[in-house]
Structures are given as structure tokens and as C-alpha cells.
1. Six or more apart or on different chains, Cβ under 9 Å: which pairs go from a residue in the range 5-26 that's on the phi > 0 side of the Ramachandran plot to one that's modelled with pLDDT of 95 or more? Could you list them?
2. Across the range 15-52, what is the total count of residues that are over 17 Å from Phe75 (Cα atoms) and not aliphatic (A, V, I, L, M)?
3. Go through the range 49-66 and report how many residues are over 14 Å from the mean Cα position of the chain (by Cα), under 26 Å from Asp6 (Cβ atoms) and not acidic (Asp, Glu).
4. Which residue out of Glu101, Glu73, Glu77 is surrounded by fewer than 14 Cβ atoms within 10 Å (Cβ to Cβ) and in contact (Cβ under 8 Å) with a residue 60 or more places away in the chain?
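The values are calculated or read from the model by the stated rules, or taken from the named source; none is laboratory data. Just so you know, these numbers come straight off a predicted model, no measurement behind them. Cβ placement follows ideal geometry from the backbone for every residue including glycine, while neighbour counts extend to all protein chains displayed.
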Amino acid sequence: MDMQIDAFQALADPTRRRIVEVLRRGEQQVGDVVAKAGIHQSGVSRHLRILAESGFVSMRPDGQRRLYALRSEPFRELDDWLTPYRTLWEARLDRFEAALEKKRIKDRSKRK
């Protein structure tokens, strides 16, 4: 069954996010991911397949071992997609910070 999955669907699953966190440390074998993520081997294999199909993970054969690693391109694409939204939220947070500072100054002047 060939399943097309987008980046947000791939990363929406908490188990896959845990696997991504483990792979942030570098290339890992399935057994290492199992041990570090605390997920059964069958689950890790299934989630690694989904992450690979969505482009987040690559697999490199090394003899009988298969080594999995994160690919940077999908994360860059997500970052590019998020940039306009980040700008929106940063502006709102800047206004919030300014309002808090104004309140702190007002509160200090009341105490004096």
C-alpha cells in the first residue's frame, strides 16, 4: 500500500516526533532507536517507514545493518513555510512585551 503523507501528518504523531528527537543525535540503527525512544521494534520500524516515505528520514545500508538519519531538506521546507507565521507571532509577542513593560513601569511608580 503506497500512502502519500504530508509533513504535518508525519510529525503529528507523538511517537514519530520521539523518533525524530532520537535521530537528532545522529545516525542510528533500529535497535538504538528502540532503546532510546522506549518503543517496541515493530512500532519503530513502522514509524521509520512513514518518516522515510514522507522524506524526513533516510536509510543507509551498512553490511547487515540499516542506519537511519534525519534529512535536513524537509525541515528547511517547514521552516520556510513557517516564516511568515513566525513574523506574525513575533510582532504580537513584541506588542505584548511592550504592554507588560508599560505595566511594570506603572506598577513601580505607584509603589513610590
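1. Within 9 Å, the pairs are Gly26/Ala69; Gly26/Leu70.
2. Here the count works out to 15.
3. Looking only at that region, the number is 7.
4. Every option except Glu77 fails the conditions.
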